[in-house]
Amino acid sequence: MPSAIVTGATGILGREIVHRLGNNQKQWDSVYAISRRKGEEFPASVRHTFVDLFGSADAIAEDLEGARAEYVFFSAYVEKASEQESWQVNGDMLQNFLAALEKTGVAKTLKRVILVTGAKHYGVHLGPSKNPLQEADERLTQAPFPPNFYYRQEDILKAFAEKHPHVSWVVTYPNDVIGLAKGNFMNLATSVGIYAAVSKELGEDLAFPGSEEFYTMFDSFTDSKLHAEFCEWAALEPRAANESFNVVNGDVHSWQTLWPLLARKLGMKVKSDQFAEAQQKIKETELVEKPPISIYESELGLEGRIRRGKIQQMVDLVQWSKQPDVKQAWERLADREGLEKDALDKATWGFLAMVLGRNYNIVMNMTKARNIGWTS
Ligand SMILES: NC(=O)c1ccc[n+]([C@@H]2O[C@H](COP(=O)([O-])OP(=O)(O)OC[C@H]3O[C@@H](n4cnc5c(N)ncnc54)[C@H](OP(=O)(O)O)[C@@H]3O)[C@@H](O)[C@H]2O)c1
């Protein structure tokens, strides 16, 4: 039976992969879960090990002493202030980790490496892309597009597989992940939940803090458990070798439906005129001048028609989370309900602002995976 190494074991995507493999002991002999923090109970077949991926290949190899694996799932990630820094640090983490696998001898037994990246591969953080997003779409490598660490990671992995021809690779592209994690960098459910609960505590109706335009547009979400199931399937499916895949829930969703659902769930109602003050209140941030779709503008017959993307906020969420009334309401709520007080500070308000504030659709296509047998 094979063994696996999973990096990012405390992350929103990685911890679900650890649970998925750890709970399938008929398939996975042992699972080496890697991160710097600990604090979670994993199934008995999981060995949760401290490894700092900022270290050199030698240092990582030393920490990996005794680990063996036929499959590696790489979902470690660190947020950085600039795309260039992110390119450097996240690329180096993967590079050093793979070099460490060579030093420990694990590279000799490896069969497949699954790298978790995301829809930023298509530049969804830079403005409108051509929809639906498909794996064969072109990379955004020319100016004005900033460096994209996913491209560097993908290229590092492909070079590693070329050097070790018995190793194949898979890359996943999840988007706007819904799952469980503490103190991570991108966590949609926690921040939406806190925003709604504090609004209720303050006696307010639920008002959408993002873009009025986006409220009736479409997004594709990834359930972290479904992503873990996909990673396990893609590791073992021969036809998935050396391919990248969108990994989303398989349908699109829209806040026009989700927001009233959330309000009902919390015994609230949506503020009936939530966009009435839009012109006075709205905070807009312009994204890159030429959005990702612009590389196709002639081919699509849209020359000169492409508009720049924006992040539009009815409520500046970063500022909102620092307001004294919000802090007091959260403290009251946390005391009363036995919640973790630091969750308000740890929630990812900038990320939520982007997810709710963009004024363009993100529709991801699952056809490629379905064509080779993915049915969930
Ligand atoms: N979250 C989303 O909504 C989303 C959406 C699309 C794509 N993605 C992509 O999915 C990938 C995984 O992201 P995520 O959201 O799951 O990240 P995350 O929740 O922030 O988790 C990051 C993981 O990396 C580990 N890590 C960071 N630095 C490390 C180091 N020096 N040594 C060892 N481990 C380290 C962290 O563990 P410790 O801190 O405990 O070491 C943690 O387990 C990224 O490429 C991300 O861009 C995420």
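The values are calculated or read from the model by the stated rules, or taken from the named source; none is laboratory data. Quantities reported herein were computed from a predicted structural model and do not represent experimental measurements. Backbone-built Cβ (ideal geometry, glycine too); neighbour counts: all protein chains shown. Calculation scope for accessible area: heavy atoms of the full protein, side chains included, ligands and nucleic acids excluded. Shrake-Rupley method; radii C 1.70, N 1.55, O 1.52, S 1.80 Å.
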Original post:
If you put +1 on each Lys and Arg Cβ and -1 on each Asp and Glu Cβ, how big is the dipole of the stretch 1-72 around its Cα centre, in Debye rounded to 20?
Top reply: 280 debye
Subject >> Selection of GluC sites (Glu not before Pro), the stretch 182-263, meeting DSSP coil and at most 14 other Cβ within 10 Å >> reply: GLU204
Subject >> Cβ-derived FRET efficiency at R0 25 Å, ASP63 paired with GLU162, nearest 0.05 >> reply: 0.40
**OP:** Could you tell me which of GLY309, LEU110, TYR173 has its Cα farthest along the dipole of the chain towards the positive end, charges placed at Cβ (Lys, Arg +1; Asp, Glu -1), taken about the Cα centre?
**Re:** LEU110
Original post:
Out of residues 5 or more away from ALA33 or on other chains, whose amide H comes under 5 Å of its own, with H placed 1.01 Å from N in the peptide plane?
Top reply: VAL6, ARG47, HIS48, THR49
Original post:
So how strong a dipole does the chain carry about its Cα centre when Lys and Arg Cβ are +1 and Asp and Glu Cβ are -1, to the nearest 20 debye?
Top reply: 440 debye
Original post:
How are the C-alpha pair distances of the stretch 155-260 spread across 5 Å bins, as whole percents from the shortest bin up?
Top reply: 2, 10, 15, 17, 16, 13, 9, 7, 5, 4, 2, 1, 0
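Rounded to the nearest 500, what is the 222 nm mean residue ellipticity of the chain from helices alone, with -39500 (n - 2.57) per DSSP H run of 4+ residues and division by all residues?
Values: 15 runs with 139 residues, N = 376.
Counting only the DSSP helices, I get -10500 deg cm²/dmol.
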Subject >> Projected label distance in nm at LYS111 and ILE372, using a 7 Å step from Cα toward the beta-carbon >> reply: 1.5 nm
**OP:** Calculate the tail of P(r) for the stretch 20-147: the fraction of all Cα-Cα distances greater than 19 Å, expressed in %.
**Re:** 58 percent
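Quick check for the stretch 82-212: number of Lys pairs with alpha-carbon distance under 18 Å, counting only pairs 8 or more apart or on different chains?
On the way: LYS103/LYS111; LYS103/LYS163; LYS108/LYS158; LYS108/LYS163; LYS111/LYS158; LYS111/LYS163; LYS120/LYS130.
Lysine pair count for the stretch 82-212: 7.
What's the extension gain from GLU286 to LEU300 if we count 0.36 nm per residue and subtract their Cα-Cα distance? Before the final figure, lay out the partial values.
Working: separation 14, 0.36 × 14 = 5.04 nm, distance 2.36 nm.
Taking 0.36 nm per residue and subtracting the Cα distance, the gain is 2.7 nm.
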**OP:** Excluding residues on the same chain fewer than 8 positions from LYS283, give the aspartates and glutamates whose Cα lies under 17 Å from its Cα.
**Re:** GLU212, GLU213, ASP316
Subject >> Dipole axis of the chain (+1 Lys, Arg; -1 Asp, Glu on Cβ), positive-most option in TYR360, ILE60, ASN24 >> reply: ASN24
**OP:** Taking every Cα atom in the chain, find the radius of gyration and the maximum pairwise distance Dmax, and write them in Å.
**Re:** 21.4, 63
Subject >> Linear extension gain, SER82 paired with ASN23, 0.36 nm per residue minus alpha-carbon span >> reply: 17.5 nm
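Report in % the part of the accessible area of the chain that belongs to carbon and sulfur, leaving out ligands and nucleic acids; probe 1.4 Å.
On the way: 8330 of 16920 Å².
C and S atoms contribute 49 percent here.
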**OP:** Count charges around GLU102 for me, please; just the other residues with Cβ under 9 Å from its Cβ, Lys/Arg as +1, Asp/Glu as -1.
**Re:** +3
